[in-house]
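Note sheet for the following structure.
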Amino acid sequence: MRGVPGEGAGPGSADFSDVTVLIPTLDEAAAIGRVIDEVLAVGVPAGNILIVDGGSRDGTVDIARGRGVRVVFQEGSGKAMAIKTGLKYVETRFVVVMDGDYTYPARYIPVLVSRLRSGECDLVIGARLQGREVQKLLFRLGNKAITFAFNLLFDTDLRDVLSGMYAAEAGELRRVEYEMEGFSVESEIVAHFASTGRVCEELIEYRPRLDPKSKKLRVPHGFKIAVDIVRLAWRYSPTFFIFTLGALLLIPGLALGAYVSYHYFFTGINYYVKGLVAIMLTLAGFQSLIAAILALYLKRAEKRYRQYIDELIKRATKQCA
């Protein structure tokens, strides 16, 4: 489900007592102060801002503590462990996760939370479609390629699966296994919600880093994320994944069939064994393709039935209350 750009809200315009803003950090001294100030400005109490630091050596922790917010140190290393650690300290119903590099404006926090409270979404992603030109072309293309692959494997219609700003219920975020290390955590979280609930997007602005040298995402990380998405597809939809691999047999089958046909019609040479192999590969690939499509639709039906059951449970709960 896609949204429209939100303008945020000013202090006092919303109650954020049930919201924790979780911010993973690692050497973000140039930006973390301004990030916290923005979050405070939209009305989030200082006690509901949680900094999860991965061992900063540039004064990030001191700056955060100077703003009166909570600071904890993450277990292990990497962004995935930072989020997993932070969730242990969250006591509110909702969580907004955002990076501490000032690239994500805090003014979108109210609209993300609003869509969660409405019950229409289980995960709301801040899709970085405004200001994407601040990213290098290579990173923009990589993000598009990864999002395309994710949509194909998980039957979604998302535009920014790797956004570092999103909101969800804390309890459901804790159910994520966090097996994918580092920057693959966003794709793992989205895969979990895409398989169990409803994922929405809200268009947000993306700003340039205050300190470009502090950027931690590199090109090799993109390849690792792509591999991890394949691993996630195996976990959440193994039947579709296996049959999709089987459908790849169509490629050598059709290629070999074309080779055999060419020689049969133009050179008069008959390759009986190769022709038989081509037929077998093509039939196996075609059958696997049909099975993959059926598995995809069964998965889609499963999601719809689960959502329908969740709606019935919510209605029953409201009536009992």
message: Filter the range 72-86 down to the residues that are more than 17 Å from the chain's Cα centre (by Cα) and buried (at least 20 other Cβ atoms within 10 Å of the Cβ) and list them by number.
response: 74, 85, 86
- prompt: What do you reckon, is residue 128 in contact with a helix residue (DSSP H, G or I) (Cβ under 7 Å, 6 or more places away or on another chain) and more than 20 Å from residue 234 (Cα to Cα)?
  reply: no
statement: The condition from (1) modelled with pLDDT of 95 or more; (2) in a helix (DSSP H, G or I) that residue 148 misses is numbered (1)
- request: Kindly check whether there is at least one residue in the range 117-138 that is closer than 14 Å to residue 19 by Cα and modelled with pLDDT under 95.
  value: yes
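Yes/no matrix, rows are residues, columns are (1) in a helix (DSSP H, G or I); (2) crowded, with 16+ Cβ neighbours inside 10 Å; (3) of a type in the set (A, V, I, L, M):
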site: 253; (1), (2), (3): yes, yes, no
site: 281; (1), (2), (3): yes, yes, yes
site: 290; (1), (2), (3): yes, no, yes
site: 297; (1), (2), (3): yes, no, no
task: From 273, 277, grab the single residue that is part of a helix (DSSP H, G or I), surrounded by fewer than 10 Cβ atoms within 10 Å (Cβ to Cβ) and of a type outside the set (D, E, K, R).
output: 273
field: Count - residues of the range 299-321 that are of a type in the set (D, E, K, R) and surrounded by 12 or more Cβ atoms within 10 Å (Cβ to Cβ)
entry: 5
message: Looking at 274, 299, 314 in this structure, which one is among the charged types (D, E, K, R) and either at pLDDT 85 or above or at positive phi (or both)?
response: 274
- line: Of the residues in the range 9-42, those that are surrounded by 20 or more Cβ atoms within 10 Å (Cβ to Cβ) and more than 20 Å from residue 209 (Cα to Cα) come to 16, 19, 20, 42
- prompt: Checking residue 30 against (1) touching a residue at least 60 places away in the same chain (Cβ under 8 Å); (2) among the aliphatic types (A, V, I, L, M); (3) touching a Pro at 6+ places or on another chain (Cβ under 8 Å), which single condition isn't satisfied?
  reply: (3)
message: Out of 180, 165, I need the residue that is farther than 17 Å from residue 199 by Cα and surrounded by 24 or more Cβ atoms within 10 Å (Cβ to Cβ). Which one?
response: 180
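The values are calculated or read from the model by the stated rules, or taken from the named source; none is laboratory data. What you see is a predicted model, and the numbers here were worked out from it, not measured in a lab. Note: ideal-geometry Cβ built from the backbone for every residue, glycine included; neighbour counts use all protein chains shown.
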